[in-house]
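To start, the structure itself, in structure tokens.
The values are calculated or read from the model by the stated rules, or taken from the named source; none is laboratory data. Remember, it's a predicted structure, so these values are computed and weren't measured experimentally. Positions of Cβ are backbone-derived with ideal geometry, glycine not excepted, and every protein chain shown enters the neighbour counts. The protein model used for the area step is the full one, side chains on, heavy atoms only, and it has no ligands, DNA or RNA in it. Shrake-Rupley method; radii C 1.70, N 1.55, O 1.52, S 1.80 Å.
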Amino acid sequence: MSLAHDSTVPAARPRLRTQRLANLREAVLQEWEHRVRASVRGAEQLLPPILINTLPAFFDHLAEALSREHPRDTAASNSNMPAVHGNERARMTSYGPEQVIQEYQIFRDCFAEAALAAGLPLRRGDWAILHASIDIAVRESIREFTAMHESFQRRIAAGLSHDMRNPLSAILICAQLLQRQARPEPEKTADLAQRIVEHGKRLDTMIEELLDTLSYHRGQHLPLALTQFDLLPLAQSVCAQVNLLHPGKCRVAGAGITGWWCENSLRRALENLLGNAVKYGDEGAINVLLEHEHDRVRVSVHNSGPCIAEEQMMRIFDYLRRDNHAPAPGWGIGLPYVQNVAESHGGSVAVDSAPASGTSFILDLPVDCRPFVTPGA
């Protein structure tokens, strides 16, 4: 009995220390959340599931790395958890790299202080593991965080460049109509000139947005400039732009709905939806319907062209997805942008397509999106 007892003592002590470290988990995470909300810019607005993120798993990995019986060298060994953390921080928060680094620094302090308070002071080797874990986690998180933002910037820049063709096309059409006038008609000439000026200003605004986007360092959601306006005149304006080239093609129905949205991004989203309806629809009309109920607005864009195959509906909003068998293949930029606009407003976009009913894209948004949009985002 004595030999058996003696042989288990060395193994029992590491296991006891490992368990005591594991018992610190909730205390460390609670203190970490408290300090992060108090000192990290942008953290105070995050919901608990978003804020806590992958930190519980990171704690567990650190406890394993500090255990003699576990082969994990650091909290970042054999795991992509820090990269996942950086990815989520890029997508789900308004953080910059500084905030990501600050979170890990706070975690190190909370862990060390909790261990000391529990009578588990960190030895030199423990400190080396803790510092290495934090340093590696910071590097991997920031690498993924930066990659996500660079990808986001490229997507928005591509989307803006794609959408610039709409006002540019309108300018060219108006200029061509002016050239075709055998005898100048003052009223028609003034109207076309005014359209050129308006679309020229819109193009200038898009260029400014593009330049802003190239230095944008936030999450996946679009930066929105929220104002209160009536959605009906906006829809009518975009339809009028389509009818300039395709007379009588687009029709708008529904009553005026006043709410808080970003006018520029919704205009571009509608332009993309109507552009797709022209490109992929048949000779029939494009119908835009505005409906309002339960503090939400639905904007449906319907065409009676060929329906979307079921296997394509699951990936129609994928970025850079191109249907090369379509009558007019595109670059796969417009619909992902529409989806981003909807989600950035706290809403969604859906598609409904069948041979008997045609195809509808439905923007479903809160009438007042201010509670669902992060200030400054």
Residue hits (region 36-53; open to solvent by 20 Å² or more (accessible area, probe 1.4 Å) and either modelled with pLDDT under 90 or among the basic types (Lys, Arg) (or both)) are 37, 41, 44, 45, 46, 47, 48, 49, 50, 52, 53
Here the residues within region 26-84 that are of a type in the set (Gly, Ala, Ser) and assigned to a helix (DSSP H, G or I) are 27, 38, 39, 43, 57, 63, 65, 83
Among 241, 228, 236, the single one that is touching a strand residue (DSSP E or B) at 6+ places or on another chain (Cβ under 9 Å), outside any loop (DSSP other than H, G, I, E, B), at pLDDT below 90 and of a type outside the set (Lys, Arg) is 241
Per the filter on region 279-295, residues surrounded by 17 or more Cβ atoms within 10 Å (Cβ to Cβ) and not in a loop (DSSP other than H, G, I, E, B) are 280, 286, 287, 288, 290
On the given criteria, is residue 142 modelled with pLDDT of 90 or more and in a helix (DSSP H, G or I)? yes
inquiry  = Just to be sure before I move on: is residue 331 open to solvent by 20 Å² or more (accessible area, probe 1.4 Å), modelled with pLDDT of 85 or more, under 26 Å from the mean Cα position of the chain (by Cα) and of a type in the set (Phe, Trp, Tyr) in the structure I sent?
reply    = no
Based on this model, can you work out whether residue 65 counts as closer than 14 Å to residue 141 by Cα, modelled with pLDDT of 85 or more and of a type outside the set (Ser, Thr, Tyr)? no
Residue 253: passes all of (1) closer than 19 Å to residue 352 by Cα; (2) free of Cβ contacts under 8 Å to residues at least 40 places away in the same chain; (3) surrounded by 19 or more Cβ atoms within 10 Å (Cβ to Cβ) but (3)
